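Every number here is computed from the coordinates shown, using simple stated rules; none is lab data. None of the values given here were measured: they were computed from a predicted structure. When we count neighbours, we look across all protein chains shown, and the Cβ atoms used for this are built from the backbone with ideal geometry, even at glycine.
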Amino acid sequence: MGEQGKMNRRQFVNTSAAAMAATIVPRHVLGGSKFVTPSDKINVGLIGCGTQALRMIFGYLRHEKIRITSVCDCNKNSQDYPEWGRFGLRNQFRRELNDPDWGENDTGCRCGRDIGKYVVDTFYAQQAGKESWAGVSAYEDFRDMLADENDVDGVWVMTPEHTHGIIAYLAMQEGKHVIMHKPLSNVLSEAHILAELAKKTGLATHLYCSSDNQTTPLIKEWIDAGAIGTVREVHNWSNRPVWPQGWTEYPKETPPVPDGFNWDLWLGPAEERPYHPLYTHTNFRGWYDFGTGSMGDMGHYSSYQIWQILELGFPKSVEAHASHTVRMTETLQTEKITDPPGFPLASTAHWEIPRRNGEPDIDLFWYDGGMKPPLPKELEEDGRSLDREGLLIVGDEGKLYADFSGGSPRLIPEKKMQAFDRPPKTLPRPIGELDQWIRACEGKKPADANFVTMQPVSDTLLLGTVGLRVPGKLYYDAENMNITNSDEADKLLYRKNRKGWELA
């Protein structure tokens, strides 16, 4: 980590801010104002053409205020992408593009920049009533896209998590608005840089985290009305991982890099190493170097709701526990794997988080990999068990139970729900996540989950990923962005990026 790992938050942010001030190119220099007028379409460059982006792309293509003008991916075209159901993406393309024979000879899930370009061109051609549409450019390197596409107003970032920070950073330096899948980065210090840059530039930013959930203000209305008294604890659990995880060592094989795949670009800021398919596509989530595990993958969806409902601040501490692996040595002795390179098969975490409204601190608990909290007696009374994913908010006068990110909320036991006098609707309901970002791009209200407002959530989850690697309770000083009782853990808040991939 070098000297960078010894900086406190104030030194780190000041250094980064100085670098930003020297390198940011104001949007007006590039031709055009920072914001898009409501009558104009927002020109969007898509960075990352994997399964998640291509599943979501039709919402962008159909939106009257969005025009995708370029796509980018370091992979040209391949059929080796994992998906949740066999040929699910192929069947979606067939339906959306009115092409029942698309990919007939494919043996796997096909993605990459060629496929992204094909989908965009075909959709727009059909929309315009033309046989072809050649207006969308395709790039291997997102830096070339940012340099060449001066008419792009914003970028949609859908790449592996370790590249989120550098892509968003360079895009905002070029005056581009950014909408991105969670997390901000897989490294806490990079997330802080992005928040500072978003604040400095005033650009429209949004982090996908289900910030359009309609039940979130409803739950807040119930809790503010005293439905369960003063909240003391929150328990949140996920059935993730649903991808390979629990790695005990890095791959030793060195298979050839597939044709059309730029491995160096995929690595981006991460430490150089030989290519292996266990790193790429969906698999990246399971490695400390590239992902944020189950906690970062799913935690943003639920944590955003928790922060909105309870008005939480930055975490004060974390204590995390991970499942471990034991192997037999050549001398037939058992040996626990220490310092594994990947996230565990199962984990739990506990944070202490203050509330901004002055009420008592919240104890927030996380469980994944099949772990769950104890069955509440209120559910037992109703003859119910815990769902595979869920959210439990515990007050000193009752409990509220909901789906993982707050859907289908109800007081438990059922008799308490039936007797509950629901308060009137007093809070506004959010609009769709993409519409929130569009609103911000037009210079109106910022997106609800912009890079600045998401900082406490981001810090909490990224602190949790550090806690999985360093045992014991860790105390966090958010003001100075450092872990006060462990140099080992504090160094993990930073990453020494490869040369040419630095953020500041």
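So the values come out like this:
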read-out	value
In nm, spacing of pseudo-spin labels at K336 and N485 (7 Å Cα→C-beta vector)	1.9 nm
Spatially proximal aspartates and glutamates relative to K316 (Cα-Cα < 12 Å; intrachain offsets below 8 disregarded)	E352, D361, D363, D459, D477, E479
Among the listed pairs K336/K372; K41/K130; K200/K491; K200/K425; K182/K444, those beyond 29 Å (Cα-Cα)	K200/K425
Dipole moment magnitude, nearest 20 debye, the chain about Cα centre, only Lys, Arg, Asp, Glu C-beta charged	740 debye
Chain lengthening between E271 and Q126 when straightened (0.36 nm per residue, less Cα-Cα)	47.8 nm
Förster radius 30 Å - calculated FRET efficiency between R327 and W84 (Cβ-Cβ, nearest 0.05)	0.45
Added length on full extension, which subtracts the Cα-Cα distance from 0.36 nm per residue, M371 to S39	114.5 nm
Sites E414 and D387, calculated FRET efficiency, Cβ-Cβ separation with R0 22 Å, nearest 0.05	0.90
Cα gyration tensor shape for the chain, rounded if a/c is under 1.5, else prolate or oblate	rounded
Helix-only CD estimate at 222 nm, as mean residue ellipticity for the chain, using -39500 (n - 2.57) per DSSP H run (n ≥ 4)	-9000 deg cm²/dmol
Axial C-alpha extent at least 15 Å, average Kyte-Doolittle at least 0.5 - helices from the chain (DSSP)	455-467
Within the range 43-75: backbone nitrogen closer than 13 Å to the D435 label point (7 Å, Cα to C-beta)	63-65
